[in-house]
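As structure tokens, the structure follows; a few thoughts come after it.
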Amino acid sequence: MKKIFGFLSVILVLGMFSCKESGTGFRKIDPAVLKDKIAGGWAGKMIGVTYGAPTEFKAGGKTYEDPINWKPEDIKGSIWQDDIYVQLTFLMTMDKFGMDASQKQFQEMLAKAGYPLWHANMQARKNYLDSIFAPLSGNPEYNIHADDIDFQIEADYIGFMCPGMPRTASGIADKIGHIMNYGDGVYGGIFVAALYAEAYFEPDIRKIVKQALRSLPEESDYHKIVEDVIKLHGHYPSDWRAAWQELENKWGDVDICGAGTDFNIDAKLNGAYIVMGLLYGDGDPYKTLEISTRCGQDSDCNPSNALAVLGVINGFSGLPQEMQDGVKAIGDSLFIFTTYSFNSAVQSTYNYALDLISKEGGRVTGNRILIRPQEPVRPRLEVAFPNILFDKKISVFEKGGFRFTGAWKPLEVNYGAGSVPVRQSMYSDRPGDELVLEFSGTGISLTGNLYRDGGKADVYIDGKLHRTIDTYYYFGNQQQPEESMWHIMGLTPGEHKVRLVVKGEKRPESSGTRIYVSSANIFRTGSKKNENFRFSFE
């Protein structure tokens, strides 16, 4: 009986991974199998994000070693996770405007959604409010978070609806990704979408990863870090912690957003942790979840991407039964801020997949789906902040740093009941008040508060007006303290002077004209540690 069951299992697997229909040049997939794999992808996202949620950013520059106490009923927490509801906004955009909706329409739906946003997404929203539209909204000139993880955790739906079509997935991802990201930040979304596209017809995880790499520029750091994970896995096939440490030694300080801290929300490092979970997880869902979570940093996003890949490979029906049951229990519950549930998202993604299959030369007839195979196409190389290194941080309260002219006052903030108020920033709303900072370097970012009473200011670099900034931000009851409010990179090495002048002006919806400044991050140009780095075994 066991031999018969094993034989039938092999037949089922071969059916799921049938590649080309004889003599046609098409890949064939059964409609029920396609839908099951889409469901597995969405379920993997939901399971993974709840598995890692309690650990998110609890480990920076180290592995997470505390117990992980996850249970299937925790999956209900996915209903409130931005990893899911943000990308469902893009599905809702397609529902409203069609698959060929413009970048601006996608950006507008994101900007006007009722939920809080952070990092590159927040800046894309802020840029929309300031009439800076895609693709400039993700460009490093206007978005210091260009390399952040945002699009990487929102591109799943693209890969889910592009079975065996990595070129189609890359085209959609390139369009959506530039709303909030650039360079490696966009490549992160292209990579995870390509992982899913490849996973529909390839059960070997190592082959999936290598094939997905063909959708990235070989010269990009994202491509290089994934290649490093593959190399490390080959050298340390049973010791993921040793591989993790080597990776950390080489790539751990590449983040612009978290410069000077152990916080790293860079897309490529977190993407490397997805791949570590996949390679060292050996196809086991729980092992994959644990390793991608224990790698640290954005450790709810990374296991969600990793398990979603396994979900596509094996289908929803191939996930552990307790995981299936946990998802089914909330199958019709709406994700917050959306019109979608798990069940309706699966159905909608399936419908869009059929549309794209037909659009790309495939055939959808009755119970037969034929997909025209695609070769990946590498996008052009983009580098958001080439050779930019963090140098130092200067607080507005340091002696010998900022010089203030006018009626600037300190803002004191109480960070909790019983705590002592601390000086958080300096602010002014009087027209003509100035601050000046002289620094040595090739780049600078002024950090301050983007608040509901934020006003406008002119920022000069070396005596020339660079940009008028608007520091108003209030959306979904969210304000942004200690956020980059202005930056410039690529300056000539040497001494520079930045001058900010309060205008005493505001946009109509702002309740004031205040400008808050808390610090400056100074950057220099040089070779990054990873460029000439050699692993200990090389």
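The values are calculated or read from the model by the stated rules, or taken from the named source; none is laboratory data. In this text, all values refer to a predicted model and were calculated from it rather than measured experimentally. Because the Cβ atoms are built from the backbone with ideal geometry, glycine has one as well, and the counts that use them run over all protein chains shown.
From the residues in the range 390-436 that are of a type in the set (Val, Ile, Thr) and modelled with pLDDT under 95, which one is nearest to the chain's Cα centre (by Cα)?
Val413
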### Query
Among the residues of the range 246-265, which ones are outside any loop (DSSP other than H, G, I, E, B), more than 10 Å from Asn530 (Cβ to Cβ) and in contact with a Phe, Trp or Tyr (Cβ under 8 Å, 6 or more places away or on another chain)?
Glu246
### Message
On the basis of being over 30 Å from Val254 (Cα atoms), touching a strand residue (DSSP E or B) at 6+ places or on another chain (Cβ under 7 Å) and aliphatic (A, V, I, L, M), does Ile371 make the cut?
### Response
yes
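Give the residues of the range 356-385 that are assigned to a loop (DSSP other than H, G, I, E, B), of a type outside the set (D, E, K, R) and either touching a helix residue (DSSP H, G or I) at 6+ places or on another chain (Cβ under 8 Å) or surrounded by 13 or more Cβ atoms within 10 Å (Cβ to Cβ) (or both), sorted by residue number.
Just the residues of the range 356-385 that are assigned to a loop (DSSP other than H, G, I, E, B), to begin with: 360-362, 366-367, 372-385.
Among the residues that remain, those that are also of a type outside the set (D, E, K, R) are: 361-362, 366-367, 373-374, 376-377, 379, 381, 383-385.
Residues satisfying the conditions are Gly361, Gly362, Asn367, Pro373, Gln374, Pro376, Val377, Pro379, Leu381, Val383, Ala384, Phe385.
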### Query
Taking only pairs six or more apart or across chains, which ones have beta-carbon atoms under 6 Å, a first residue in the range 83-97 that is on the phi > 0 side of the Ramachandran plot, and a second residue that is of a type in the set (A, V, I, L, M) and part of a helix (DSSP H, G or I)?
none
### Query
Out of the range 114-134, which residues are buried (at least 18 other Cβ atoms within 10 Å of the Cβ) and in contact (Cβ under 8 Å) with a residue 40 or more places away in the chain?
Leu117, His119, Ala120, Asn121, Met122, Gln123, Ala124, Arg125, Lys126, Ala134
### Task
Those residues that are part of a strand (DSSP E or B) and under 30 Å from the mean Cα position of the chain (by Cα), I need them from the range 505-538; list them, please.
Ile515, Tyr516, Val517, Ser518, Ser519, Ala520, Asn521, Ile522, Phe523, Arg524, Thr525
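Is it true that some residue in the range 503-520 is of a type in the set (A, V, I, L, M) and surrounded by fewer than 21 Cβ atoms within 10 Å (Cβ to Cβ)? Give the derivation first.
So the first thing to find is which residues in the range 503-520 are of a type in the set (A, V, I, L, M), and the list is 515, 517, 520.
Next, only the ones that are surrounded by fewer than 21 Cβ atoms within 10 Å (Cβ to Cβ) stay: none.
No, the conditions are met nowhere in the range 503-520.
Of all residues in the range 425-478 being among the small types (Gly, Ala, Ser) and outside any strand (DSSP E or B), which is surrounded by the fewest Cβ atoms within 10 Å (Cβ to Cβ)?
In this case the residue turns out to be Gly463.
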### Query
Glu227 versus (1) more than 30 Å from Thr442 (Cα to Cα); (2) over 17 Å from the mean Cα position of the chain (by Cα); (3) touching a residue at least 40 places away in the same chain (Cβ under 8 Å): which is the lone unmet condition?
(3)
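Could you please find all residues in the range 205-220 being without any contact (Cβ under 8 Å) to a residue 40 or more places away in the chain and either closer than 22 Å to Glu531 by Cα or touching a Phe, Trp or Tyr at 6+ places or on another chain (Cβ under 7 Å) (or both)? Before the answer, list the steps.
Quick first cut of the range 205-220, residues without any contact (Cβ under 8 Å) to a residue 40 or more places away in the chain only: 207, 210, 213.
Lys210, Leu213 - these are the residues of the range 205-220 that are without any contact (Cβ under 8 Å) to a residue 40 or more places away in the chain and either closer than 22 Å to Glu531 by Cα or touching a Phe, Trp or Tyr at 6+ places or on another chain (Cβ under 7 Å) (or both).
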### Message
I'd like the full set of residues that are closer than 23 Å to Thr293 by Cβ, aliphatic (A, V, I, L, M) and surrounded by 22 or more Cβ atoms within 10 Å (Cβ to Cβ), limited to the range 320-350.
### Response
Met323, Val327
